[in-house]
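Visitor: Input: one structure, supplied below.
The values are calculated or read from the model by the stated rules, or taken from the named source; none is laboratory data. All values reported here derive from a predicted model rather than from experimental measurement. Glycine gets a Cβ as well: all are built from the backbone with ideal geometry, and neighbour counts include every protein chain shown. The area values use the complete protein model at the heavy-atom level, side chains included, leaving out ligands, DNA and RNA. Shrake-Rupley method; radii C 1.70, N 1.55, O 1.52, S 1.80 Å.
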Amino acid sequence: MTKSLRLQVMLTVAAAILLIWGGSSAVAWMQVRHEIDELFDTQQIQFARQLLAADLHDFDEDSARLPRGKALLPKQLPKGQRGNLEDDALSFIVWDDEGRVVFSDGEDQGFAPPSGQHGFYNVSLDGDSWRVLYLPMPDGHRVAAVGQQLSFRNEVAREILMVQLLPWLLALPLLLLVLWLTLTRRLVPFRRVAEQLDARRLDDATPVVADVPREAAPMLAALNQLIGRMADTLSRERRFTADAAHELRTPLAALKIQAEVAQLGLPAAEQARALAQLEVGIDRATRLVNQLLALTRLDPMAGPQNAQPVDWARVLRQVAGDVAAEAAEQGITLKLEGDMASALPLKGDETLLALMLRNLADNAIRYSHPGGEVVLHASADAIALLDRGPGIDPELMPRIRERFFRPPGQAQTGSGLGLSIVERVAALHGLQLELENRPEGGLLARLLRG
């Protein structure tokens, strides 16, 4: 239950409302008490002035005390208009200059005769708190004391406060119900998203469509991007499996045939030729498997994992060393040219870049004429590789980058994956591969910033 978003919001809102309600009640209580104190203090002052201004000479000792409470109310006054008179809430007494009681409300509350004090005092009488005003006449002949119980003021303040705040407290359950229904309705799109995800196939790249709140739109967009990447990854894996099965079938079948031929009781020359063909087939299958594994590792990558400033001199020397034996076997001269110190500033993975250039160099060596040369050239703008081979038929140039595509009539073995590896590594480093036939013969492969 604590993981429920709806319940968490409900509890948070309820707690916030109660805290705000409590704080508002405290502030309102202080404000109401202040206003009530001002009101009743003013009434006590006015009442005391009226007592002092009244003609009290005709009052004798028996008539100096008034009856208490509702006995003063006319019987003809309607019941609903009699108010809520508290017998003990207000009391008064008037003394003369000799301290004798001239007039009172009929009950001695214990007010001490004045001894020069005047103004308001908070006193305790018989366990009750009173606010008493002592107001003397200017000539000093009489002093009036008007007292009021503080509990009466507190009761009035509570009643006023409850009238204002109780409706809001009673409305809290209704507010929470409206909030619950609103959250339930706004969470429906998320349930529909879950239903769509549960019902779709793994390779379905169709975006999830739902009328989610604006705040959840980025999450839905990211989810659709993830679905697209997953579908693309699955598609690549299926294509890789199909391509690998198709491309490996032929060399494996050839290997099996050459192995069976080598097992026959043939003359030594024919047996040696069969073993040589078996070795060539093994090399071809090994190269194909390595390239397939390289593509499998490169395809899911979003960028180079170990991006560091590239030392092209080191990378080019490594590539030249890796293909030197093959170049010598083919009678190909391998050269390194250009300004290595200021070559194409780039941050990337030198291992992947070496793999990229090694595939280009390997293609150039295998397709160059014996006695030719392959040049690795570095400049501030590009890394280029030049050969003196037959180049590429202009009609086939648009398809030469396709995976497993090999121009017809090729004498050299291959799988048609070399340029795919080159393009993938180049894309990971923000580079672009350009291929063009050289006027003097051969192919120019150039890597530029994309």
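Visitor: Along the positive direction of the dipole of the stretch 89-175 (beta-carbon charges: Lys, Arg +1; Asp, Glu -1; about the Cα centre), which of TYR121, LEU133, LEU172 reaches farthest?
Guide: Checking the options against the dipole of the stretch 89-175, the answer is LEU172.
Visitor: Compute the FRET efficiency between ARG449 and LEU177 as 1/(1 + (r/R0)^6), taking r as their Cβ-Cβ distance and R0 = 51 Å, and round to the nearest 0.05.
Guide: The formula returns an efficiency of 0.25 here.
Visitor: Using the Cβ atoms and a cut-off under 14 Å, what net charge is assigned to the surroundings of ILE45, where Lys and Arg are +1 and Asp and Glu are -1?
Guide: Values: positive: ARG49, ARG131; negative: ASP37, GLU38, ASP41.
It works out to a net charge of -1.
Visitor: Report the charge-dipole magnitude of the stretch 106-226 in Debye, nearest 20, computed about the Cα centre from +1 at each Lys and Arg Cβ and -1 at each Asp and Glu Cβ.
Guide: Details: 11 positive and 13 negative charges, 123 e Å.
Dipole magnitude for the stretch 106-226 comes out near 580 debye.
Visitor: In terms of modelled amide H atoms, which long-range or inter-chain residues lie less than 5 Å from the amide H of ARG142?
Guide: It is MET137, by chain and number.
Visitor: Give me the percent of the accessible area of the stretch 285-394 that comes from carbon and sulfur atoms, probe 1.4 Å, all protein chains in place. Kindly include the intermediate steps, with their values, before the conclusion.
Guide: On the way: 2650 of 5110 Å².
Roughly 52 percent, rounded to a whole number.
Visitor: Please list TYR121, TYR134 in order of solvent-accessible area, largest first, computed with a 1.4 Å probe with all protein chains present. Mind dumping the intermediate values first?
Guide: Details: TYR121 85, TYR134 20 Å².
Accessible-area ranking of TYR121, TYR134, largest first: TYR121, TYR134.
Visitor: Name the residues whose placed amide hydrogens come within less than 5 Å of the amide hydrogen of LEU431, ignoring near sequence neighbours (fewer than 5 apart) on the same chain.
Guide: GLY450
Visitor: Give me the mean projected area, in nm² to one decimal, of the convex hull enclosing the Cα positions of the stretch 86-178.
Guide: Working: hull surface 32.7 nm².
With the hull built on Cα positions only, its mean projection is 8.2 nm².
Visitor: So, how do all the Cα-to-Cα distances of the stretch 309-399 break down into 10 Å bins, in percent, from 0 on up?
Guide: In whole percents, the pair-distance histogram is 17, 47, 29, 6.
Visitor: A further question on this structure: Order ILE20, ILE282, ILE93, most accessible first, counting only protein heavy atoms with a 1.4 angstrom probe. Can you show the working numbers first?
Guide: Details: ILE20 115, ILE282 80, ILE93 20 Å².
Order by accessible area, largest first: ILE20, ILE282, ILE93.
Visitor: Same structure again: Hey, can you find the accessible area per residue of the stretch 87-243 for me, probe 1.4 Å, expressed in square angstrom?
Guide: Working: 9890 Å² over 157 residues.
Computed with neighbouring chains in place, this is 63 Å² per residue.
Visitor: Sorting SER24, SER115 by accessible area (1.4 Å probe), largest first, what list results? Write down the numbers at each step before the final one.
Guide: Numbers: SER24 60, SER115 100 Å².
Heavy-atom accessible area, descending, gives SER115, SER24.
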